[in-house]
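The values are calculated or read from the model by the stated rules, or taken from the named source; none is laboratory data. Because the structure is predicted, anything quoted here is derived from the model rather than measured. Neighbour counts run over all protein chains shown; Cβ positions are idealised from the backbone, glycine included.
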Amino acid sequence: MTNSQTMKSRHTLENGSQSKRSVFSWSVSFGTVLSLVTLFVSLLAQNPAEAHTDKNLLNPFSGLQALDPQALVEQIEEGTNSAYTTNSLTSPLASAVFDLVRYMRLHQIAANDAEIDVTIPRYNRIEMFGGWVNEDSPANCYNTRAEVLIRDATDASKITFSSGNPCQVTKGDWLDPYTGDRFKLAKAVQIDHVVPLKNAYRSGAHQWTKERRCHYSNFLLDPVHLLTVSGRENMSKGDSGPNSYLPPNDAYVCSYLRNWMQIKAVWSLGFTDVEANAVHGALTAYRCDASHGQMTSVELNAKRAATNRMNVKCLENLEAAADPIRPAVRLPLPSPRTATYSADHPAEQPVTTSEQP
């Protein structure tokens, strides 16, 4: 073999070796990046709350991932198989975070209640929302109040009913989350609409059909929508929002705020500036962790879908009253408005059985 042939062979081998080393280098780099991305995604799927460790007390929920609520509604109504409508609780998408605080900020519709009241029909609880209904009839004789009392009792098997009315709960054992007190007599407790009917009416329910408002009033498919609480405490709350009422049980305040925001997001209701500022200030003042400002997209979708289910008894009541019936519709989200935020947060008596809005 000549010298020129030997040098050419050596040059070929060196080029081949360099090419292999280059390919190997790219392969290792790509594999490393892919492994890191996979690890990061798996950590988010296992515990999304741990992925958001922002300790800034001035904005404890800054940086949370948010999903567009209107897009989620459209996905549900269209019945598509998109990632937003998955029902698989084992899917990583089940951990996708919906930012309740961001929803609140984007759906401030007025400065205060007075600004809304001059633009909508005057509120009348009975005319607008009706009363308790028995959605399970004829399966049982329990109306919404009785259903919630049975559900919230410490031991439902020990509930006592009236001898003259087997549909009326008279005794049991209930722990009021608002005060931390226990009650044995049903007449001492009331069923609280966590977001009161009048507040919901101002926040967007004035645009709904009467059937949908009745459905809201009697909604049993969300365990935080209606709660058994002290009758006296419920009377004290009335139709107040977080700007003028928070539960006296400090240990429950963060959960109360989360439930308030969640119910409004589920029913596509708005907030006043005063209300939103108070919620934000209380989240900060009570040092609520990030989990109280979020829910999963799967949970949101499931609850929103439940709100669109027809309440047959509400329809029957309207038919009996000869009211014109219109199908329930999904209304557009309230028009957002911008607002500034502040971190400032502002012996047993007889209780009647009538319950406040």
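The set of residues in region 179-191 that are under 14 Å from Lys237 (Cβ atoms) and crowded, with 24+ Cβ neighbours inside 10 Å comprises Val189, Gln190. The single condition among (1) within 19 Å of Leu227 (Cα to Cα); (2) surrounded by fewer than 18 Cβ atoms within 10 Å (Cβ to Cβ); (3) in contact with a Cys (Cβ under 6 Å, 6 or more places away or on another chain) that Cys141 does not meet is (1). Screening Asn165 with (1) over 28 Å from Gly293 (Cβ atoms); (2) of a type in the set (S, T, N, Q); (3) in a helix (DSSP H, G or I) gives one miss only, at (3). When region 234-258 is filtered for residues that are surrounded by 21 or more Cβ atoms within 10 Å (Cβ to Cβ) and either within 20 Å of Arg145 (Cβ to Cβ) or modelled with pLDDT under 95 (or both), the ones remaining, listed by number, are Asn234, Lys237. Taking the listed residues Thr154, Thr80, Thr90, the one that is modelled with pLDDT of 95 or more and in a loop (DSSP other than H, G, I, E, B) is Thr154, with no other qualifying.
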